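The values are calculated or read from the model by the stated rules, or taken from the named source; none is laboratory data. What you are looking at is a predicted structure, and each value in this text was computed from that prediction instead of being measured. Cβ coordinates were reconstructed from backbone atoms using ideal geometry, including for glycine residues, and neighbour counts include every protein chain displayed.
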Amino acid sequence: MKTLRLFMAMLAVASIQVVASEQARVVSADAKSLQWSACPAFIPPGCQIAVLQGDPAKNNVDIFFKVPGDFHIPYHSHTSQERMVLVSGELEVTYDNHETAVIRKGDFAYGPAKLPHKAYCRKGEDCILYIGFVAPLDAMPIEEK
């Protein structure tokens, strides 16, 4: 029993040290420090991604996804569910077997894992979408029905 308590105490201290070593931060969507890169090749030019936190090849990554106004995001799916908040613009999203939804600035949206969808950023302002992925970041193009 003493060994278990000692192990649990050591685990608690180790957990505190891991959490304490992480740095808190705030990142604006228009920060000059953001490193924007191209989206996967199946999405037309103009689409950009900036990693906010984490490693895209590992679990738990956060990104900004940016497209210009009047931009179509092709039909695709992700291995991970998506937790999203629209930072700017207005985005129409259509998931299979769901009515098209309009996401407006400040709105939260949830996309289930592996559920095919497409989107359209309405004319006007760029759409910048915060997306939190649980599984590694991926996007697989799907031929539209």
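Quick look at the numbers
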| read-out | value |
| --- | --- |
| Among (1) exposed (fewer than 15 other Cβ atoms within 10 Å of the Cβ); (2) more than 21 Å from Gln53 (Cα to Cα) - the single one Thr79 does not satisfy | (2) |
| Residue in the stretch 36-53 that is exposed (fewer than 11 other Cβ atoms within 10 Å of the Cβ), under 25 Å from Glu144 (Cα atoms) and not hydroxyl-bearing (Ser, Thr, Tyr) present | yes |
| Any hit, the stretch 114-130, residues being more than 22 Å from Gln35 (Cα to Cα), of a type in the set (A, V, I, L, M), in a strand (DSSP E or B) and in contact with a strand residue (DSSP E or B) (Cβ under 9 Å, 6 or more places away or on another chain) | yes |
| Pair list, Cβ < 8 Å and 6+ apart or interchain, from the stretch 23-46 residues that are assigned to a loop (DSSP other than H, G, I, E, B) to residues that are loosely packed, with under 11 Cβ neighbours inside 10 Å and not aliphatic (A, V, I, L, M) | Val27/Ser33 |
| Test: Tyr110 is touching a residue at least 40 places away in the same chain (Cβ under 8 Å) and in a strand (DSSP E or B) | no |
| Yes/no for Ala101 being at negative phi, of a type outside the set (D, E, K, R) and free of Cβ contacts under 8 Å to residues at least 40 places away in the same chain | yes |
| Sole residue being under 21 Å from Asp126 (Cβ atoms), at pLDDT 95 or above and among the hydrophobic types (A, V, I, L, M, F, W, C), chosen from Val27, Val61, Val102 | Val102 |
| Residue in the stretch 47-58 that is nearest to Gly124 (Cα to Cα), counting only those that are small (Gly, Ala, Ser) and without any contact (Cβ under 8 Å) to a residue 60 or more places away in the chain | Ala50 |
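Here is a yes/no grid of residues against (1) surrounded by fewer than 14 Cβ atoms within 10 Å (Cβ to Cβ); (2) of a type outside the set (Val, Ile, Thr); (3) in contact with a helix residue (DSSP H, G or I) (Cβ under 7 Å, 6 or more places away or on another chain):
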| position | (1), (2), (3) |
| --- | --- |
| Asn59 | yes, yes, no |
| Lys66 | no, yes, no |
| Phe71 | no, yes, no |
| Thr100 | yes, no, no |
